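Participant: Can you keep this structure in mind? I'll have questions shortly.
We did not get these values from a lab; they are worked out from the coordinates using the rules stated. No experiment lies behind these values; they were computed from the predicted model shown. Heads up, the Cβs are rebuilt from the backbone with ideal geometry, glycines too, and the neighbour counts pull from every protein chain shown.
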Amino acid sequence: MAATCAFTFTTAASGASGSAHRLKAEKQALAFYTGEIRKLRTETWYWQRVMGVPQSRPNVRRLETASVPRLQQLDGLWTALEHRAYQRAQHPPNLDAWLCIHRYEGSWTDAGGPYYGGLQMDMSFQSSYGGWLLARKGTADHWTPLEQIWTAVKAARVRGFWPWPNTARFCGLI
């Protein structure tokens, strides 16, 4: 009887230990995937915001309540969304036209107000078409060239190339 009790105790202890190990591994997996998804989601939303397109929405209300397989699925989804957003952001519309305008305007880091950056944006322009970047990073001379170009793309959707009348004419755009 003692052997049976010892065996039962060992099995019970081993079972509890295995269960605790599985629980710990599951918590680690949940924490890992939740962190990865949050990073991917932040990057995706950043690029989507730079481009001025609607943000992708998650397919789960709270990551904390999702199972590990669901989080793995969401991780794959957000990885693909982030990759697509990043790739699309690298190829703004009319890139050659913006680079031509830039050649006549100034350095990407030109801080000589009242016009800033490589596309010489004034404060009103920056506020209207890149307000969140202005609030987050300061004037356009602190933005990346891609951020400056995408801000100009947003303006061009509304105003065309008219904010750059001379350089757009030199580049054959108006």
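Participant: Which stretch or stretches of the stretch 19-42 have amide N atoms under 13 Å from the point lying 7 Å from GLN72's Cα along the Cα→Cβ direction?
Facilitator: Of the residues in the stretch 19-42, 26, 29-30, 33 have backbone N under 13 Å from the label point off GLN72.
Participant: Using packing as a proxy for protection, rank 24-30, 94-100, 44-50 so that the peptide with the highest average count of other Cβ atoms within 10 Å comes first. Write down the numbers at each step before the final one.
Facilitator: Numbers: 24-30: 12.4, 94-100: 16.1, 44-50: 18.9.
Output ranking for 24-30, 94-100, 44-50: 44-50, 94-100, 24-30.
Participant: About its Cα centre, what dipole magnitude does the chain give when the only charges are +1 on Lys and Arg Cβ and -1 on Asp and Glu Cβ, stated in debye to the nearest 20? Numbers along the way, then the final one.
Facilitator: Details: 20 positive and 12 negative charges, 117 e Å.
Its charge dipole is roughly 560 debye.
Participant: Rg and Dmax of the stretch 127-174, Cα atoms, in Å?
Facilitator: 11.6, 34
Participant: Still on this structure: Taking the chain as the reference, fit the longest principal axis to its C-alpha atoms, fit the long axis of helix 95-105 to the helix C-alpha atoms, and give the angle between the two in degrees, 0 to 90, nearest 10.
Facilitator: Approximately 50 degrees, to the nearest 10.
Participant: Please provide three numbers in whole Å: the alpha-carbon extents of the stretch 25-89 along the principal axes, with the largest listed first.
Facilitator: 38, 19, 14
Participant: Something else: Just from its helices, what would the mean residue ellipticity at 222 nm be for the chain, if runs of 4 or more DSSP H residues each count -39500 (n - 2.57) and the sum is divided by every residue, rounded to the nearest 500 deg cm²/dmol?
Facilitator: Numbers: 6 runs with 119 residues, N = 174.
Helices in the chain give a 222 nm mean residue ellipticity of -23500 deg cm²/dmol.
Participant: Counting other beta carbons within 10 Å of each Cβ, put MET51, MET123 in order, fewest first.
Facilitator: Numbers: MET51 17, MET123 14.
Listing MET51, MET123 from fewest to most nearby Cβ atoms yields MET123, MET51.
Participant: While we're looking at this one, here's another question. Compute the angle between helix 68-89 and the longest alpha-carbon principal axis of the chain, please, reported from 0 to 90 degrees and rounded to the nearest 10.
Facilitator: Taking Cα atoms only, the helix is inclined about 10 degrees.
Participant: Moving on to the next point. What's the angle, to the nearest 10 degrees (0 to 90), between helix 145-159's Cα axis and the longest principal axis of the chain?
Facilitator: For helix 145-159, the angle is close to 60 degrees.
Participant: Continuing with the same structure: Express the C-alpha Rg of the chain as a ratio against the empirical globular expectation 2.2 N^0.38 Å, rounded to two decimals. Mind dumping the intermediate values first?
Facilitator: Working: Rg = 26.2 Å, N = 174, 2.2 N^0.38 = 15.6 Å.
Compared with the compact-globule rule of thumb, the chain sits at 1.68.
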